[in-house]
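This is the structure I have questions about; it appears just below.
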Amino acid sequence: MRASATGRTLHDPKGGSFWFDAGAVCLDFAHTGGEGRYAVFETLHEPADLGEWLAEPPLAAVMTVPVTARELSAAKALRQAIWDVAHAQAARRALPAGAVATINRAAAAAPLVPELVPKPGREFVAGGTTAGWVPPVRATQALSTLAREMIELLSGPLAERFRECASDDCPLVFVDSSRPGARRWCAMERCGNRHKLRAHRARRSTEPDGG
Ligand SMILES: [Zn+2]
């Protein structure tokens, strides 16, 4: 997986959309919907929706076996587990045991198997090679790959870089993989700019002439 190619467009059910890069594929996946008050953000309604999400880069896992209803519910359980663990990690709380068990269970399945293949319409010439996944490609394998990525993140150098958006009313969570490690916002165009605007207004209202 190419870490630099993470990120997805998120849609607000009330309208509008913005680009959000959670810094890892498994964390992007954690933002595909949710339970309870996050159910309005659900994007994985049918098994085929999961297949479409997985088929997009950077994972680019085009299912050769149709996603089953069972895999969809497993995916949603894994998604919730990644969400819960990411928030606990960002808040420096103990990781919820049930969620950790769900991630470990998903990771125990065989993951996607990479293979070198010629780019479409080309032979194995210089620059003509790309990475693909050995068929059959199943959703259960892709979920294992996502769970393993989460395990790597939590046990690697980026474990201290899990963060929730610094905006008070924004629950989006990401891993800051930038070199300076100073990322605060889910997206500059969303919470970052809102914060700048508020700070600007606050400054103006404290100026002697009232702004
Ligand atoms: Zn935010």
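When Lys and Arg each count +1 and Asp and Glu each count -1, what net charge do the other residues less than 9 Å away from residue 8, Cβ to Cβ, add up to?
That sum, taken over residues with Cβ under 9 Å, equals -3.
What are the principal axis extents of the Cα atoms in the range 27-100, in Å, biggest first?
Its Cα atoms span 39, 25, 19 Å along the three principal axes.
For helix 139-155, what angle does its Cα long axis make with the longest principal axis of the chain, in degrees from 0 to 90 and rounded to 10?
50 degrees
Hull surface divided by four, with the convex hull built on the Cα atoms of the range 1-52: how many nm²?
Mean shadow area of the hull around the Cα atoms is 4.0 nm².
Taking only the alpha-carbon positions of the chain and ignoring solvent, what does the Debye formula give for the base-10 log of I(q)/I(0) at q = 0.08, 0.11, 0.12, 0.18 Å⁻¹?
Debye intensities relative to I(0), on a log10 scale: -0.33, -0.58, -0.68, -1.33.
Within the accessible area of the range 132-198, what % is carbon and sulfur when the probe is 1.4 Å and the other protein chains stay in place?
Result for the range 132-198: 53 percent of the exposed heavy-atom area is carbon or sulfur.
With Kirkwood's inverse mean 1/r over C-alpha pairs for Rh, give me the Rg to Rh ratio of the range 146-201, two decimals please.
Radius of gyration over Kirkwood radius for the range 146-201 works out to 1.07.
While we're looking at this one, here's another question. Take the alpha-carbon centre of the range 1-65, take the same for the range 73-150, and report the distance between them in whole Å.
The distance from the Cα centre of the range 1-65 to that of the range 73-150 comes to 13 Å.
Now a separate question. Work out how far the C-alpha atoms of the range 1-125 reach from end to end along every principal axis, then list the three figures in whole Å, largest first.
For the range 1-125, the Cα spread along each principal axis is 50, 38, 30 Å.
Which of the peptides 18-30, 79-91, 157-169, 97-109 is most tightly packed, and how do the rest follow, judged by the mean count of other Cβ atoms within 10 Å per residue?
Sorting 18-30, 79-91, 157-169, 97-109 by mean packing, highest first, produces 18-30, 79-91, 97-109, 157-169.
Can I ask one more? Among all cysteines in the chain, which have no other cysteine Cβ under 4.7 Å from their own Cβ?
26, 191
If you build the convex hull over the alpha carbons only and average its shadow over all orientations, what do you get for the range 75-200? Give it in nm² to one decimal.
Answer in nm², one decimal: 11.2.
The values are calculated or read from the model by the stated rules, or taken from the named source; none is laboratory data. Predicted, not measured: the structure shown is a model, and the values here were computed from it. As a convention, Cβ positions derive from the backbone with ideal geometry for all residues, glycine included, and neighbour counts pool all protein chains shown. Surface areas here come from the heavy atoms of the whole protein model, side chains and all, with no ligands, DNA or RNA. Shrake-Rupley method; radii C 1.70, N 1.55, O 1.52, S 1.80 Å.
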